[in-house]
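Here's the structure, in structure tokens; my notes come after.
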């Protein structure tokens, strides 16, 4: 049995009939060659959803941000010395780099990378075939440098690699968290913000991309905060909000997204304004996907403040950046100070297959010192 047949059989056996992944023509490959009838190059990284896969609740851990080790480096950007091109995407967010091979960065270089991502929020590295083709064992080794790897409670992952979160959509199936009853697929969010210790530096790349479309949009939550009046920011610093994973779990239990819940859903209280542990920058920390209400306020008061912040995040194009995927692109962002959304605008039937490496970081630090984070 071929690799493609084996992976397809695993997925087929794991899903309800309505969600079975049917064999598709090979997608546009990373090298943009047309379909020649060859097996899909990244079939070993297709999503599986084992029905018997269950994990206990996550436990707290001490996180030391590797970016802090680079603060005392005489040249914390020396890992970029061999770059052939560095382009600032916007004044507020984003940096695109060519000529730096992420796969060969040593520990010191990775620490510097973490600091640069913390400062710029988002970094795009082009021409990273070696990184992507090193495979899942390398992905895990890479991610563990930046924190404890998160296992997503509901998403698909490559067989035997639950720490690698996959996004997947083709002509027959989608294993993303999508709302078909909305007029737009754009959903600004900070990944799994419902965890007690949500992710920090995050790495993502596409294994297969549509011919056009399927970009990812990012926004700076630091810049979003700076646009607000000082009086309002002072009030927001006193607030905390509940972030919940229950809706996401219910979505999967309904038979969508693969129909798996590996770990019981949780909700946690986080500051509305958090502080980055290394840069000290303050950022808005709410998002439409996971934030449910502000603790201590009446529903109408909570809704009014959250909807104002959501609208601000949605509409502030002047603090946003858009990643247009090219073959062998690796994107890193700091999940503590940015929000993002996939843009599902590509032709029905094309495949978009991405992998995310998601190290957890510290419990969000309140911008207001001493803020009590109990419900």
For segment 66-113, just say rounded, prolate or oblate: build the C-alpha gyration tensor, square-root its eigenvalues into a ≥ b ≥ c, call rounded for a/c under 1.5, and beyond that prolate if a/b exceeds b/c, oblate if not. oblate
Gaussian network model of the chain, Cα springs within a sub-10 Å range: biggest mean-square fluctuation belongs to which of 87, 100, 167? 87
When the Cα centres of segment 297-375 and segment 72-108 are compared, how far apart do they sit, in Å? 23
Multiply the residue separation of residue 104 and residue 246 by 0.36 nm, subtract the distance between their alpha-carbon atoms, and state the gained length in nm to one decimal. 47.2 nm
In nm, give the distance between the simple-model label positions of residue 82 and residue 144, each being 7 Å from the Cα along the Cα-to-Cβ direction. 2.5
Spin-label point model (7 Å from Cα, Cβ direction): what's the residue 229 to residue 299 distance in nm? 2.9
Build a GNM of the chain with springs between Cα atoms under 10 Å: which of 38, 181, 215 gets the top mean-square fluctuation? 181
Potential extension, residue 316-residue 134 segment - 0.36 nm per residue separation minus Cα distance: 61.8 nm
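Can you sort 183, 86, 124 by how many other beta carbons sit within 10 Å, fewest first?
In increasing order of surrounding Cβ atoms, one gets 183, 86, 124.
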Space enclosed by the convex hull of the alpha-carbon atoms of segment 257-375, per residue, Å³: 185
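Rule-based calculations on the coordinates, nothing more; no lab input. Here the structure is a predicted model, which means the values were calculated and not measured. No Cβ is skipped: glycine too gets one built from the backbone with ideal geometry, and neighbour counts run over all protein chains shown.
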